Amino acid sequence: MRRPAYLDDLNGEQSEAVVTLDGPVLVLAGAGTGKTRVLTTRIAHILASGKARPGSILAVTFTNKAAREMKERIERLIGGVVEGMPWLGTFHAIGARILRRHAELVDLKPNFTILDTDDQIRLLKQLIEAENLDEKRWPARQLAAYLDGWKNRGLTPDKVPEGEAFAFANGKGAELYKAYQVRLKELNAADFGDLLLECLRLFQEQTDVLERYQQRFSYMLVDEYQDTNVAQYLWLRLLAQGGGNICCVGDDDQSIYGWRGAEVDNILRFETDFPGAKVIRLERNYRSTGHILAAASGLIAHNEGRLGKTLHTDIGDGEKVTLQGCWDDDEEARVVGEDIEQLQRQGHALNEMAILVRASFQMRAFEDRFVTLGLNYRVIGGPRFYERQEIRDATAYLDVTLNPSNDLKFSRIINTPRRGLGDATLKVLHGLARAEGIPLAQAARTLVETEELRPAPRRALADLIATFDRWRSLVETMRHTELAELILDESGYTAMWQNDKSPKAQSRLENLKELIRFMDEFDSLAGFLEHVSLVMDAEAEDGADRVSLMTLHSAKGLEFDNVFLAGWEEGLFPHQRALDDAGRAGLEEERRLAYVGLTRARQRAKVTFTQNRRLHGLWQSAIPSRFIDELPEAHVEVAETSGAYGGYGMSRFDEPSELFQANYGTPGWQRAQRNRQAAAAPQRGPLTIEGELVASSTAQTSGYQVGERVFHQKFGYGAVATIDGNKLTVDFEKAGRKRVVDSFVERH
C-alpha cells in the first residue's frame with residue numbers, strides 16, 4: 001500500500017502517533033512540537049484508510065475555534081469536504097447533543113434552555129431570598145462559583161462533602177444546590193455544568209444508552225487532555241470502556257488551569273487508567289531556539305508531578321535567555337520599552353513582540369510607558385488597564401467628586417454597587433434633568449427634597465449626595481491617594497468585589513490597588529484624572545503594528561519572536577495565593593506557567609524582576625523569584641545593568657541595596673528617593689476647583705402661581721399651596737399634600 005502523502009511532512013514520532021490506531025495512545029506533545037498537526041492528520045488517516053466513517057469518530061476540543069480549525073485542516077489533508085462529523089466539537093457542545101437526544105431520561109424535554117451566567121445568578125438570588133438569607137452576606141455569585149466547582153468534579157447535591165456544603169450559608173450549600181437543580185428541571189433548563197453532569201448521570205443510570213455510544217464511537221480523540229476536569233475525565237472514561245481506541249494529546253508541563261477545575265493528574269495516570277497504553281513523546285520543537293528550550297526544560301525539571309520529556313530543536317542555539325533586575329516597576333517598563341524601540345529600529349515588527357505578566361495590574365506601568373513613547377500596543381485576553389470595568393468605575397467616582405456635572409460618570413456609578421436605584425428612579429431623574437436643563441447630580445439634589453420618589457430610593461439618593469458632598473469637602477485637606485481609598489471603601493465598591501467569589505474578582509481588587517499606587521506619582525487628583533483622559537485618547541488604529549500585552553494564562557497557544565517576561569518576584573510569581581491555597585501543587589502549576597511563558601518565544605526571551613514594588617503607595621522590598629534560581633546558568637545571560645549583582649539566582653542576592661543604588665543612581669534610585677521624601681512631606685496645598693461645585697436649585701424661579709390648578713401623572717389633580725424656587729407644595733385631591741418639581745406637573 002502506497003504511503004499517504006499527508007505523512008511525508010511528519011517526523012518519526014509524529015508519524016508514529018498518526019498511524020498507531022489500535023488501543024489507547026497518549027501523545028505527550030511538548031510546546032511547539034506540532035500537536036495540532038498530529039491530531040488532525042490522525043483523523044484524516046482514520047478516514048482515508050477506511051477504518052471508520054466520519055460519524056463514528058468522537059473528537060473533543062476545548063473551544064469552538066479549535067474544532068473549526070481541526071475540520072478545515074482535515075478537509076485540506078484528504079482533499080475534500082468532510083461530511084457527517086457530528087461528534088467533532090467541544091465537551092459542552094457534544095454533551096448538549098447527547099442530552100437533547102435523551103432529555104426525557106434526565107427529566108428534561110428536548111427543547112431545554114441552556115442558562116447563561118446572568119440567568120443563573122438571577123435564579124440563585126431567588127432561591128437565596130426564599131431561604132431568608134442575606135444576599136449581601138451570601139452573594140449568589142459566590143454560590144454559583146461553588147456550584148461550578150462541584151459540577152466540574154462530577155458531584156451531585158447528595159455527594160457534596162459536608163465540609164464544603166457548610167462553607168456557604170452555614171451548611172445550606174448542598175440544600176440550595178438541590179433546590180437549584182429542582183428549579184432547573186421545572187424551567188426545562190440546564191446550565192453549562194449540567195451538560196456534562198447530566199450526561200454522566202445518563203450514562204451511569206441508563207447502561208443501554210452508554211453501550212450504544214460505546215459501540216458508535218470506533219475512535220476517540222481528545223485535545224489538550226491536561227486541561228480536563230474530573231467530570232470530563234469521568235465522561236471520557238465511560239465512553240472509552242467500549243472499543244478502547246482512545247487517543248489523548250496533551251502536555252502535562254502545560255497544565256495551567258487548576259484554578260478553574262483542570263486536573264493534571266488525569267494525564268499523569270493515563271497508563272494506569274488504560275493498561276497497555278502506548279505513550280509517544282513529541283520532543284522536536286519547531287518554534288524556539290536551543291537556549292530558550294534548554295532554559296525552559298531546566299526550569300520545568302524541578303517539578304515532581306510530570307511524565308518527563310526533553311525538548312530539542314534543529315534551529316540552532318540562538319541567543320541566551322536574558323535576565324535583568326530593575327529598581328521598581330516603572331524602571332522595568334522603561335527598560336523593556338527601550339529594548340522594544342531598539343528591536344524596532346533593527347527592523348523587528350511590533351506584532352512579533354509580547355510582554356507576559358503574572359497579574360493584570362502589572363500592565364498599567366507598561367501601558368503608561370508605551371503611551372509616553374508613542375508605541376502602539378494591544379491587550380490580549382482583556383481590555384486595556386484604564387478600559388477595565390473596575391478602573392472605569394473607580395475613576396468615575398473620583399471624577400464626580402471633583403466634577404458633579406459629569407452626567408456620564410454619575411450615571412455609571414449611581415447604582416454601582418446596588419443601592420436600590422432602579423430604572424424607574426433613573427427615568428424620573430433623567431426626566432427632571434432634561435426638563436430643567438441641569439446636571440443629573442443637581443436634579444438628584446432637587447428630587448430628594450420632594451416626594452416624586454418612593455421613600456427607599458429617595459433615602460438612598462439622599463445618602464449618596466451627602467456622601468459625595470463630604471468627599472468633596474476633603475479634597476483640599478486629604479492627600480488624594482488616601483481620599484481615593486476612602487471613596488472606594490465608603491461607597492461599598494471595594495466590598496462589592498471582596499464579596500464577589502468569581503475567579504476575576506481578586507484580579508479586579510489587585511487592579512484597584514495598582515490604580516491607587518500609581519496615583520501617588522501625581523500631585524493632585526485632578527492631575528491624575530487628566531492623565532487618564534490622555535491615555536484613553538491614545539487609541540491605536542485597527543490592523544496597526546502593535547506590541548502584545550497579556551497575562552501568562554492568556555499566552556497559551558501563542559508564539560512571538562521576542563518575549564518579555566516581567567515581574568519574576570517571590571509572591572508575585574510564583575503567586576502567593578497559589579502557594580497558600582494549594583501548597584506544592586500550586587507551586588508546580590506556577591512553574592508550569594513559567595515554562596509556558598518561556599516557550600512562547602521563538603528567538604529571544606528576556607526575564608525581568610524588580611527590587612521594589614509599591615502597594616497603596618508604600619514601598620515593599622521584593623526578592624527574585626525562585627524560578628530565576630532554577631534557570632540553568634549555561635543558557636542565561638545577565639544584562640549589564642544588573643551585573644552588579646555578580647550573579648542572578650535568589651541565593652546570590654545577599655546585600656543588593658547598595659549595589660542597586662550604584663547601578664541605578666540615575667534615574668531609578670533617585671526617583672524612588674524623591675517619591676519616598678514626597679510621601680513623608682507635609683500635605684500639599686489645597687486643590688482649587690474653579691466655579692461652584694453644585695449650583696443652587698433654589699435660585700431658579702417657578703412659572704406657577706399659588707392657587708393654580710395643576711396635574712401630576714402620579715398624584716393626579718391639585719392646587720399649588722406654596723412655591724420654593726422650582727419646587728412646589730401641592731394639595732392633591734386624592735394624594736394629599738406633596739412636594740414636587742414644577743417640571744413634573746402641567747397646568748390644567
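Some notes on this structure:
- Amide H to amide H, with H built 1.01 Å from N, Leu88 comes under 5 Å of Ala59, counting only residues 5 or more places away or on other chains.
- The protection proxy used here, the mean number of other Cβ atoms lying within 10 Å of each residue, ranks peptides 517-523, 115-121 as follows, highest first: 517-523, 115-121.
- Contour excess over end-to-end distance, with Cα ends at Asp208 and Gln344 and 0.36 nm allotted per residue: 42.6 nm
- The stretch 43-144: GluC sites (Glu not before Pro) falling in loop per DSSP and having at most 11 other Cβ within 10 Å: Glu83
- Relative contact order computed over the chain (Cα-Cα under 8 Å; 6+ residues apart), in percent: 15 percent
- Net charge of Cβ neighbours under 14 Å - reference Ile391; Lys, Arg +1; Asp, Glu -1: +2
- Secondary structure note: in the chain, about 35% of the DSSP beta bridges are antiparallel.
- Judged by the gyration tensor of its Cα atoms, with axes a ≥ b ≥ c, the stretch 569-615 is oblate; a/c meets the 1.5 cut and b/c is at least as large as a/b.
- In this label model, Ile114 and Lys501 are separated by 2.5 nm, measuring between points 7 Å along each Cα→Cβ vector.
- Here Lys734 is the anchor, and the lysines within straight C-alpha reach of less than 16 Å, apart from those fewer than 8 places off in the same chain, are Lys714.
- Share of carbon and sulfur in the accessible heavy-atom surface of the stretch 1-137 [1.4 Å probe, %]: 45 percent
- Interchain or long-range residues, amide H under 5 Å from Ser548's placed H: Met353, Ala354, Ile355, Arg378
- Residues whose amide H lies under 5 Å from that of Val607, counting only those 5 or more places away or on a different chain, are Thr322, Leu323, Gln324, Leu565; hydrogens are built 1.01 Å from N in the peptide plane.
- Within the accessible area of the stretch 703-748, the carbon and sulfur atoms contribute 48%, probe 1.4 Å, all protein chains present.
- Rolling a 1.4 Å probe over the protein heavy atoms gives the stretch 274-327 an accessible area of 40 Å² per residue.
- Dividing the helix sum by the residues of the chain, where each DSSP H run of 4 or more adds -39500 (n - 2.57), gives a mean residue ellipticity at 222 nm of -13500 deg cm²/dmol.
- Solvent-accessible area per residue for the stretch 83-158 (1.4 angstrom probe, square angstrom): 51 Å²
- Trypsin sites (Lys or Arg not before Pro) lying in DSSP loop within the stretch 99-142, provided at most 15 other Cβ fall within 10 Å: Lys136, Arg137
- Three-way shape call for the chain based on the alpha-carbon gyration tensor, with the a/c threshold at 1.5: oblate
- Separation of alpha-carbon centers, the stretch 444-460 and the stretch 254-319, rounded to whole Å: 63 Å
- Gain upon complete extension [Ile380, Glu633; 0.36 nm per residue less C-alpha separation]: 87.9 nm
- Accessible-area composition of the stretch 196-303, carbon plus sulfur, in percent [1.4 Å probe]: 42 percent
- Applying a DSSP loop filter and a limit of 14 other Cβ atoms within 10 Å to the trypsin sites (Lys or Arg not before Pro) in the stretch 269-318 leaves Arg269.
- You can think of it this way: the chain between Tyr286 and Ala462 has 56.9 nm of extra reach, that is 0.36 nm per residue less the Cα-Cα gap.
- Ordering 548-561, 600-613, 340-353, 188-201 by mean Cβ neighbour count within 10 Å, with the highest value first, yields 600-613, 188-201, 548-561, 340-353.
- Paramagnetic label reach from Ser405 (point 7 Å along Cα→Cβ; backbone nitrogen cut-off under 19 Å): within the stretch 412-432, residues 412, 430, 432.
The values are calculated or read from the model by the stated rules, or taken from the named source; none is laboratory data. Because the structure is a prediction, the values reported are computed rather than measured. Don't worry about glycine lacking a Cβ; one is built from the backbone with ideal geometry, like all the others, and counts go over all protein chains shown. The accessibility values were calculated without ligands, DNA or RNA, using every heavy atom of the protein model including side chains. Shrake-Rupley method; radii C 1.70, N 1.55, O 1.52, S 1.80 Å.
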